[in-house]
Structure formats: C-alpha cells, structure tokens
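The values are calculated or read from the model by the stated rules, or taken from the named source; none is laboratory data. Owing to the predicted nature of the structure, the values given are computational and were not obtained by experimental measurement. For neighbour counting, all protein chains shown are included, and Cβ atoms are generated from backbone atoms with ideal geometry for every residue, glycine included.
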Amino acid sequence: METRTIAIMLTDIKGFTSKTAGFSRAETQEMLAKHRELVLPVILKFGGRLVKTIGDAFLVAFNSPTDAVICGVEIQQVLKAHNADKNHEEKIEIRIAINSGEVAIHDDGDIYGDAVNITSRLESIAEAGEVFFTEAVYLAMNKKEVPSSEIGYRQFKGIPEKIKVFRVLREVPVGGQPREQAPSAALPAAPAAEAPAAPPAKGAPAGFFPRAVSLFIDVFIFAVIEHLLFRGRVSGLPFAILFWAVYQAVFIKKKGATPGMLIMKLRLIDLSTGLAPKRAFWRGVLGVLSALPAGLGYIWAVWEKDHRTWHDLLTDTQVVQG
C-alpha cells in the first residue's frame, strides 16, 4: 500500500441532519446536489482530489497545504454569496478542517491514518463559515499568502498529543487573488473588529500548591455559606455533595472560577474549547468522590503531567493560571 504526505480537507454541512429532517427525499437530494455543484468546482480549481463523499461531507486530498487553505476560503466565499438571498432552510453553511500528514493510500484511492483521524476531530470543533487547520499545515504553508490566527492547543479524543489549531484570519487570502492584484499595500489587514473572534487562550496548567490553597479557601467559604443558609437544619453527605456541586457550578458559570480560584488567580476551562466548562455541576459531584478515598483523586494531580485531578480527567477540564 502506497504512503504519501498530503494535505487533507474535510467538510460537512452545518446542521444537515436537523435541517433535512422535514425535507422530502427529493429536497434532500436537491440540497446535496447544489452543495456539490458549488463546492466541487472550487476543489478542482485548486488541484484537490475528491477522495470520497460521506453523506453531506467531502474528504479531499491536496498536494499543497497552501492551496488547500486558499481553496477552503474560496469555498466559504462561494457559499456566502449563495446564501445571501436564501432563507434558513435553503442556506448551505459548512465547516472546513485541514490537516497535513502521512496517509496510506488504498488501491481504490481511499486514504487512512492518524492524519485523517486528526482532520476528522478538528472538523468536529470547526465553526461554520470558517477554515480551521492544524500546526502541521501552518508550518508547511506559505504564511504570506494565508494570514492566520492561532486558536490554541486542543486535546482530541483518541489522539495522544495535543494539537495546535489555527484559523484563517481574513476572508480573502493574498494567494486567492491574481498576482498583479495582491501587493501588500493594496490589501490592508481587516480592522481588528472584523477579524473572527478566537476562543480564549488556554493558559498554563496550574501547579498543585496554588490548587491546594484555592481548594482550602473554597472549602472554608463553602462551609460559611452553608452555615448561614441552613444553620444545621439540613445535613448529611448527599446534601453536602449536592450543595458543593451547586456552589461550584454557580461561580464557574458566572465567573469562570470558584472564589478560591479567583483569589489564587486561577480559572477552569473545558479542554476541547478553552472556555468555561458546561459540566461544572458534575465536576463538583465527582470532586467529592475524588476526595473520598483519602483524597487520592486530588493527590493524583501531583504526578499527572498537566496537574489534573480525577474529576478533571473525567470531565475533560483543567485548572489553568490566569
């Protein structure tokens, strides 16, 4: 089986399943045909090879990472023009993810390998109308032709290493214009307000000592609040677990951190997004369970590479500095 290093693009239509739930078979096929009619010519224009269609998704191979990214941007421009006068049901909005790496090429032209798997994971977090790509693409492409913005590291399921993710910074890369129309003076960067907003930077993992101090502070504040609200009228382990989870969830939702974390200048993030986690309540419940076996779930953070506790690992969260 032949192996080769290529750029891999994966696209899919945002909300395709829910959007077509009320469609007839003919209407669904009409949307897929229009999608193909709009997207495939752009792929061919930039030398892409359609490896296969997976429902509403295209898996595409390119020899050039730069061509792959510029192709992705032009696809989004074509779809933006198509959607301008369409109602919600008629709009075709797609996510585009691009990665580069070695793949195995089957006799039928299909491609396999970790590089394809990473592309699939990246596509799952890509935003509609955007072009997301990995550090492998960033390092190999012509950066002058494709201005980009770093989003940060992401941990993908089934991928042992964290992957640094980027997105195209502005709508029309220099490489997407005829050469005589693309001098740097003629294409000023878009104003900062028009640039796509990137998720917050993740920050460095918090050390064990500041986490321990923040936990001590939170336990003290929690005990004071519980006493003032209930004055011993309600007690027991189930109630303590529930109220601790509520304490955590309320502050993390409002502030992105508990009072103890705020005092120690820490915050809690979801590793997949870099934002405040939506699973703060369950993290609080699991935090109590981490403490039950002699605090082993907390002590685990001492030797875990990113200082994550059991409840961090179970909810894919992390306490970081800042």
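Quick notes on this structure:
- Restricting L242, L237, L215, L268 to those that are under 20 Å from L289 (Cα atoms) and in contact with a Pro (Cβ under 7 Å, 6 or more places away or on another chain) reduces the list to L268.
To keep it simple, each residue is scored yes or no on (1) surrounded by 14 or more Cβ atoms within 10 Å (Cβ to Cβ); (2) at pLDDT 95 or above; (3) in a helix (DSSP H, G or I).
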site	(1), (2), (3)
L32	yes, no, yes
Q76	yes, no, yes
K86	no, no, no
A104	yes, no, no
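- Only one of L314, L292, L296, L286 that is over 20 Å from F216 (Cβ atoms), aliphatic (A, V, I, L, M) and in the same structural domain as W244 (by TED's automatic domain parsing): L314
- Once segment 1-18 is narrowed to residues that are on the phi < 0 side of the Ramachandran plot and out of contact with any strand residue (DSSP E or B) (no Cβ under 8 Å at 6 or more places or on another chain), the residue that is surrounded by the most Cβ atoms within 10 Å (Cβ to Cβ) is F16.
- Where a residue in segment 139-155 is outside the structural domain of D306 (by TED's automatic domain parsing) and its partner, wherever it lies, is among the aromatic types (F, W, Y), with Cβ under 6 Å and at least six apart: S148/F166; E150/F166
- Flag if L79 is more than 21 Å from L169 (Cα to Cα), touching a Leu at 6+ places or on another chain (Cβ under 8 Å) and in the same structural domain as P160 (by TED's automatic domain parsing): no
- Count of segment 223-259 residues which are hydroxyl-bearing (S, T, Y) and either touching a Gly at 6+ places or on another chain (Cβ under 8 Å) or exposed (fewer than 14 other Cβ atoms within 10 Å of the Cβ) (or both): 2
- Matching helices (runs of 4 or more DSSP H) fully within segment 251-322 where at least 3 residues are within 19 Å of K157 (Cα to Cα): 310-315
- Subset of segment 123-134 [under 27 Å from M1 (Cα atoms) and modelled with pLDDT under 95]: E123
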